[in-house]
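The values are calculated or read from the model by the stated rules, or taken from the named source; none is laboratory data. Quick caveat, the model's predicted, so the values are computed rather than measured. Cβ placement follows ideal geometry from the backbone for every residue including glycine, while neighbour counts extend to all protein chains displayed.
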Amino acid sequence: MSFAVNALTRSLNVFHLAGSACNNCDIEILATLTPKYDLERFGLVLVGSIRHADLILLSGIFNKKSAIRVKEVYEQAPKPVVVVAIGGCACSGGMFRDSYNWDQPVNKYIPIDAYLPGCPPKPEAMISAVVKLITKLRGKKL
Amino acid sequence: MTKRTIIPIGPYHALQEEPEFFKLHVEGEKVVGLEIELGYNHRGIEKLSESKHYDQTIFLVERICGICSTSHPIACVQAIEDAGDIEVPERALYIRSLIGELERIHSHMLWLGLAGHFLGFNTIWMWAWRYREDVLDVFELITGNRNHYAMMKAGGVRRDIKSEDIPAIKKMIGNLVKPLTLFKNAVVDDPVIHARTKGVGTLTAQQIIDYAALGPTARASGVLIDVRRDHPHAAYGLVDWDVIVAQNGDVFDKAVVRILEMFESLKIIDQCLEKLKTVTGPIDSNPREIKPGEGVGHYEAPRGEVFHYIRSDGTNRPARHKVRAPSFMNIVTDREAVIGQTVSDATIILAAVDPCYCCTERMAAIDVNSGKKTFTSADMIRLSQAKTEQVKKQLGAPGPQIKLL
């Protein structure tokens, strides 16, 4: 395991990037970090700045106005960075695919490492996703 | 004279759940101007709704907002029922009110947590979110989902509440009284919270009326407005409850109104559960068609009145669907509340109206001359700004102050 991977997977700094979301994935992300599920005890903390991020959580569709900002914000993140698309909207556009304001699938401009579908995915699913991601990053079999 | 500085907040900022952009004009510590820029969350839901049939529309409006995810469906089904003259069985009315009030508790607790977080009380944040999970457990028991409950349906509700579940639900609801009292005491008695929130971001009753603000924002300023009481719908006319009002209109009163409303919600839920034991019958009148016509639906969401308008042309799709969400009216009061306050108080003032941008952002831009839709990114920004200007004009707010620099 390289130094970078070791450092990356020990204590992930999470930056939460909501596109044009309905807020539900966002509150479920927060619910995952607050006492009942408490992912914070494993060192996952929300950070205020993209420049501190190891893990970016994308939620919601990205409309024509927010997509350009999201690209810009993603470029500011230190690399390597892991990106997870949370919820049906971020994964595929969901029910807003037909909307005139839907830009394009988010993986066209941001490389996504994991997709977590659901509307919204339950906190248990998010925990499972993080576990799988860390296992994968460390080069172990899932 | 102190130099004027602009502090940009957003669109992607640590303080915010959702993307929105505030430009705070400050002179030293004092806030002298505020610009609000929206449009980051616009998804074209009204237009999408015209391409979906009535059953699908309800799932669509549910996804307008994840926090008020039963307020929009209730308003929408009421609009459909109004348009099609559909009768709703009494049992369904009680279930609607019950789900709506549970949602109010979870939404207010969520707000309380975030407000605590903004004030620097992370303990309140964590505790509020911990007890919010208990409400979500009730939701999971009744509807099968933690969020996005999918309970509403034109003509009734989708799922019944089994009578054998009622004691368990009652117990779970009863368990909420203790933590709610804890929060009430924590906020009402704490001198630090008093110092941070009393007299901060005050809105007078006249300002509320001028801006047509709604919900707890209005009720905290002594404006007695609650669509549950003014236009009784669902089971609100059949149960006994009070509208909570406070007089000062500051952040403290907004918090107190929300906390006391949660107790009222518990009262309503208790009565609904009692009634569900005796009121039996179908939960759904199974409408087969929606007659041509127009209908409106109101619902008092946790943030204020949600309004839906449906025009039906006799087909299985709405010909026009119009949504007005409460935050649309409430966020414009931010300017009035924040100017003259210090930068450090700005966050809690902006948060005090419980802004919900995913509800608010509706805009359609059609180039009339060429007949084609213009949706380049630059256009969206320009249109968004134009819309903000328009809103200000409509509400009679002084526009020039916005362009201070």
- Any hit, region A:32-53, residues being of a type outside the set (V, I, T), under 12 Å from the mean Cα position of the chain (by Cα) and within 18 Å of B:G10 (Cβ to Cβ): yes
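Suppose the filter is buried (at least 22 other Cβ atoms within 10 Å of the Cβ) and without any contact (Cβ under 8 Å) to a residue 60 or more places away in the chain; does B:A220 pass it? Walk me through how you get there before you give the answer.
Values: buried (at least 22 other Cβ atoms within 10 Å of the Cβ): yes; without any contact (Cβ under 8 Å) to a residue 60 or more places away in the chain: yes.
Yes: the conditions hold for B:A220.
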- Task: Could you run through region A:42-66 and say how many residues are among the aliphatic types (A, V, I, L, M), crowded, with 19+ Cβ neighbours inside 10 Å and facing another protein chain (nearest Cβ under 8 Å)?
- Result: 2
- Answer with yes or no whether B:A150 is outside any helix (DSSP H, G or I), in contact (Cβ under 8 Å) with a residue 12 or more places away in the chain, more than 20 Å from B:L112 (Cβ to Cβ) and in contact with a helix residue (DSSP H, G or I) (Cβ under 7 Å, 6 or more places away or on another chain). yes
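Among the residues of region B:4-15, are any more than 11 Å from chain A (Cβ to nearest Cβ) and either without any contact (Cβ under 8 Å) to a residue 12 or more places away in the chain or crowded, with 20+ Cβ neighbours inside 10 Å (or both)? Quick ask: steps written out before the conclusion?
Taking region B:4-15 first, the residues more than 11 Å from chain A (Cβ to nearest Cβ) are B:4-9.
Checking which are either without any contact (Cβ under 8 Å) to a residue 12 or more places away in the chain or crowded, with 20+ Cβ neighbours inside 10 Å (or both) leaves us with none.
No, because not a single residue in region B:4-15 is more than 11 Å from chain A (Cβ to nearest Cβ) and either without any contact (Cβ under 8 Å) to a residue 12 or more places away in the chain or crowded, with 20+ Cβ neighbours inside 10 Å (or both).
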- Message: Give all pairs with beta carbons closer than 7 Å in which a residue from region B:65-82 that is within 14 Å of chain A (Cβ to nearest Cβ) and in a helix (DSSP H, G or I) meets a residue that is among the aromatic types (F, W, Y) and buried (at least 24 other Cβ atoms within 10 Å of the Cβ); count only pairs at least 6 apart in sequence or on separate chains.
- Response: B:S71/B:Y299
- Residue list for region A:29-48, filter: under 14 Å from B:H117 (Cβ atoms), outside any helix (DSSP H, G or I) and in contact (Cβ under 8 Å) with a residue 12 or more places away in the chain: A:V45, A:L46
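Go over the candidates B:V243, B:V188, B:V192, B:V177 one by one and state the one that is within 14 Å of B:E101 (Cα to Cα), assigned by TED's automatic domain parsing to the domain that holds B:T280 and surrounded by fewer than 20 Cβ atoms within 10 Å (Cβ to Cβ). Explain how you work it out, then say what you get.
Values: B:V188 fails: within 14 Å of B:E101 (Cα to Cα); B:V192 fails: within 14 Å of B:E101 (Cα to Cα); B:V177 fails: within 14 Å of B:E101 (Cα to Cα).
Checking each option against the conditions leaves just B:V243.
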- Task: Taking B:G100 as the residue in question, decide whether it is assigned by TED's automatic domain parsing to the domain that holds B:L60, at positive phi and of a type outside the set (A, V, I, L, M, F, W, C).
- Result: no
- Message: So for region B:140-151 (the condition being among the charged types (D, E, K, R), surrounded by fewer than 17 Cβ atoms within 10 Å (Cβ to Cβ) and over 17 Å from B:P282 (Cα atoms)), does at least one residue qualify?
- Response: yes
- Query: Which numbered condition trips up B:L24, out of (1) more than 10 Å from chain A (Cβ to nearest Cβ); (2) of a type in the set (A, V, I, L, M); (3) surrounded by 22 or more Cβ atoms within 10 Å (Cβ to Cβ)?
  - Reply: (3)
- Message: Checking B:E35 against (1) among the charged types (D, E, K, R); (2) assigned to a helix (DSSP H, G or I); (3) touching a His at 6+ places or on another chain (Cβ under 8 Å), only one condition comes out false. Which one?
- Response: (2)
- Task: Considering every residue within region A:49-63, establish whether at least one is modelled with pLDDT under 90, within 30 Å of B:V61 (Cα to Cα) and part of a loop (DSSP other than H, G, I, E, B).
- Result: yes
- Does B:S265 qualify as being buried (at least 21 other Cβ atoms within 10 Å of the Cβ) and assigned to a loop (DSSP other than H, G, I, E, B)? no
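Just checking, which of B:G33, B:G28 is more than 17 Å from the chain's Cα centre (by Cα) and at positive phi? First the steps, then the outcome.
Details: B:G33 fails: at positive phi.
The conditions single out B:G28.
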- Subset tally (residues that are farther than 27 Å from A:K122 by Cβ and out of contact with any strand residue (DSSP E or B) (no Cβ under 6 Å at 6 or more places or on another chain)) for region B:51-87: 8
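Tell me, please, whether a residue that is of a type in the set (A, V, I, L, M) and more than 14 Å from chain A (Cβ to nearest Cβ) can be found in region B:33-40.
Here is the first cut: in region B:33-40, the ones of a type in the set (A, V, I, L, M) are B:34, B:36, B:38.
Now narrow it down to the ones that are more than 14 Å from chain A (Cβ to nearest Cβ): B:34, B:36.
Yes, region B:33-40 has at least one match.
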- Go through the residues of region A:73-81 one by one and say whether even a single one is away from chain B (no Cβ under 11 Å), closer than 25 Å to B:W129 by Cα, under 16 Å from the mean Cα position of the chain (by Cα) and modelled with pLDDT under 90. no
- Message: Of all residues being within 14 Å of chain B (Cβ to nearest Cβ) and in contact with a Pro (Cβ under 7 Å, 6 or more places away or on another chain) in region A:82-91, which is nearest to A:T135 (Cα to Cα)? Just the residue, please.
- Response: A:I86
- Query: Which members of region A:98-122 meet the condition of being assigned to a loop (DSSP other than H, G, I, E, B), more than 8 Å from every other protein chain (Cβ to nearest Cβ) and in contact (Cβ under 8 Å) with a residue 24 or more places away in the chain?
  - Reply: A:D103, A:Q104, A:Y109, A:I110, A:P111, A:I112, A:D113, A:P117, A:G118, A:P121
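If a residue has to be closer than 21 Å to B:D313 by Cβ and outside any helix (DSSP H, G or I) to count, how many in region B:83-92 make the cut?
Taking region B:83-92 first, the residues closer than 21 Å to B:D313 by Cβ are B:83-86.
Subsequent filtering for residues that are outside any helix (DSSP H, G or I) retains B:85-86.
Total meeting the criteria: 2.
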- From (1) part of a helix (DSSP H, G or I); (2) within 28 Å of B:C65 (Cβ to Cβ), pick out the condition that doesn't hold for A:E75. (2)
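Those residues that are among the β-branched types (V, I, T) and within 29 Å of B:V338 (Cβ to Cβ), I need them from region B:175-196; list them, please. Quick ask: steps written out before the conclusion?
Here is the first cut: in region B:175-196, the residues among the β-branched types (V, I, T) are B:177, B:181, B:187-188, B:192-193.
Correct list: B:V187, B:V188, B:V192, B:I193.
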- Counting only residues in region B:108-132 that are within 19 Å of A:V47 (Cβ to Cβ) and surrounded by fewer than 23 Cβ atoms within 10 Å (Cβ to Cβ), the one nearest to the other protein chains (Cβ to nearest Cβ) is identified as B:M126
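Pick out the one residue from A:L39, A:L17 that is at pLDDT 85 or above, at the interface with chain B (Cβ under 9 Å from one of its Cβ atoms) and crowded, with 17+ Cβ neighbours inside 10 Å.
On the way: A:L39 fails: at the interface with chain B (Cβ under 9 Å from one of its Cβ atoms).
That would be A:L17, the only listed residue that is at pLDDT 85 or above, at the interface with chain B (Cβ under 9 Å from one of its Cβ atoms) and crowded, with 17+ Cβ neighbours inside 10 Å.
Give me the strands (runs of 3 or more DSSP E) completely within region B:287-405, filtered to those with at least 1 residues that are at pLDDT 80 or above and acidic (D, E), ordered by residue number. Can you show your working first?
Numbers: elements: B:293-301, B:304-312, B:318-324.
Qualifying strands (runs of 3 or more DSSP E): B:293-301, B:304-312.
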